[in-house]
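The values are calculated or read from the model by the stated rules, or taken from the named source; none is laboratory data. Not measured: the values here are computed from a predicted model. Cβ sites come from the backbone with ideal geometry, for glycine too, and all protein chains shown count toward neighbours. Heavy atoms of the whole protein, side chains included, go into the accessibility calculation; ligands, DNA and RNA do not. Shrake-Rupley method; radii C 1.70, N 1.55, O 1.52, S 1.80 Å.
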Amino acid sequence: MAIATFKRYELKFLIDGRQYRAILPALLEHMKPDAYCTGGRDYRIYNIYYDTDDNRIIRSSLDKPYHKEKLRLRSYSSPTPPEGEVFLEIKKKTGGIVHKRRASMTLNEAYRFVGNGEPPETSDYINAQVIREIDFFMKQNPVHPAAYIAYRRKAFFGKTDKNFRITLDYDVRTRRDNIGLEKECSGEELLDDDRYLMEVKISDSVPLWLADLLAQEGIYRTSFSKYGTEYVRSKSIC
């Protein structure tokens, strides 16, 4: 298994195709595409978001509390085979600071952990610590698969600051039936055509060149959650 821990601020912006095309040259000048985005490529991310029977987790999140948590299962392949690698992530936001901790395991191990409370075996101390943290969260919040959300992403890292990251997500697909990473990617579109969710992920302040670029292109910070937007839309359809 592998584990990663992240602590950062996340700033979100909804932009259109014109703004995307306008800022892309500056991103390529000041940042580096990540390993999966060289040559203008993007990559896909596939997620299962978990919630309680009464949707308590997302309903609480939409109230914008000082502290909130969510649990999701992430894969970078679709369909994911039973022994394929996935990441079970617990994401916490406290006072605007985001902490994300995740452990890798197979899809079968993840399903047994979330579905039956059987944690994966590991001899790594830090890995075990995060698995215990997720286990505690699930005991406090009996969860089940609530939504499937997949999207395409372009990602960039700062040339001098690896903790500075910008992601651009689009072609966001969601569904509430047939939720499983072992299934083909499909679902309803969450964003309008030619729209992008840009997230600026920083551990300190926004670089001056980026602040100037956002002001120049009329790009303003917004509050947007893929799962939150999907939930609100699903309730309106019902």
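Using equal-weight Cα scatterers in the Debye expression, the normalised intensity of the range 3-58 in log10 at q = 0.17, 0.21 Å⁻¹ is -0.94, -1.15.
Per residue, the range 191-235 exposes 53 Å² of accessible surface when a 1.4 Å probe is rolled over the protein heavy atoms with every protein chain present. Maximal additional length on extending the Arg132-Glu189 stretch stands at 17.0 nm, based on 0.36 nm per residue less the C-alpha distance. Note on the range 1-106: lysine pairs with Cα distance below 20 Å, sequence gap of 8 or more or different chains, count 29.
Annotation for the range 26-85: chymotrypsin sites (Phe, Trp or Tyr not before Pro) lying in DSSP loop with at most 13 further Cβ atoms inside 10 Å of their Cβ are Tyr36, Tyr66. Across the chain, C-alpha contacts under 8 Å between residues 6 or more apart give a mean separation that, scaled by the residue count, equals a relative contact order of 30 percent. Counting only alpha carbon atoms, the long axis of helix 125-140 and the longest principal axis of the chain meet at about 80°.
Of all GluC sites (Glu not before Pro) in the range 125-198, which ones are in loop regions per DSSP and have a Cβ with at most 11 other Cβ atoms within 10 Å?
Loop-located and lightly packed - Glu184.
When the charge dipole of the range 126-188 is built from unit charges on Cβ atoms (+1 for Lys and Arg, -1 for Asp and Glu) and taken about the Cα centre, the candidate among Gly158, Leu168, Pro142 whose Cα reaches farthest toward its positive end is Gly158.
How long is the gain from His144 to Arg56 if the chain were fully straight, where each residue apart is worth 0.36 nm and the alpha carbon distance is subtracted? Before the final figure, lay out each step's value.
Working: separation 88, 0.36 × 88 = 31.68 nm, distance 1.18 nm.
Full extension from His144 to Arg56 adds 30.5 nm.
For the range 82-180, the fraction of 1.4 Å probe accessible surface lying on carbon and sulfur atoms is 48 percent. Distance between the 7 Å Cα→Cβ label points at Lys159 and Glu118: 5.1 nm. For the range 94-105, the Karplus equation 6.51 cos²θ - 1.76 cosθ + 1.60, evaluated at θ = phi - 60°, returns couplings of 10, x, x, 9, 9, 10, 10, 10, 8, 10, 8, 6 Hz by residue, with Gly and Pro reported as x.
In the assembled protein chains, Lys68 presents an accessible area of approximately 60 Å² (probe radius 1.4 Å). Could you state, as a whole-number percent, how many of the C-alpha pairs of the range 58-117 are farther apart than 20 Å? The proportion of pairs with Cα distances above 20 Å equals 37 percent. Each eigenvalue of the Cα gyration tensor of the chain, multiplied by 5 and square-rooted, gives one semi-axis; in descending order these are 29, 20, 18 Å. Relative contact order of the range 120-222, taken over Cα pairs closer than 8 Å and 6 or more residues apart, is 22 percent.
Taking 1.002 mPa s as the viscosity and 20 °C as the temperature, the Stokes-Einstein diffusion coefficient of the range 154-238 based on its alpha-carbon Kirkwood radius rounds to 139 µm²/s.
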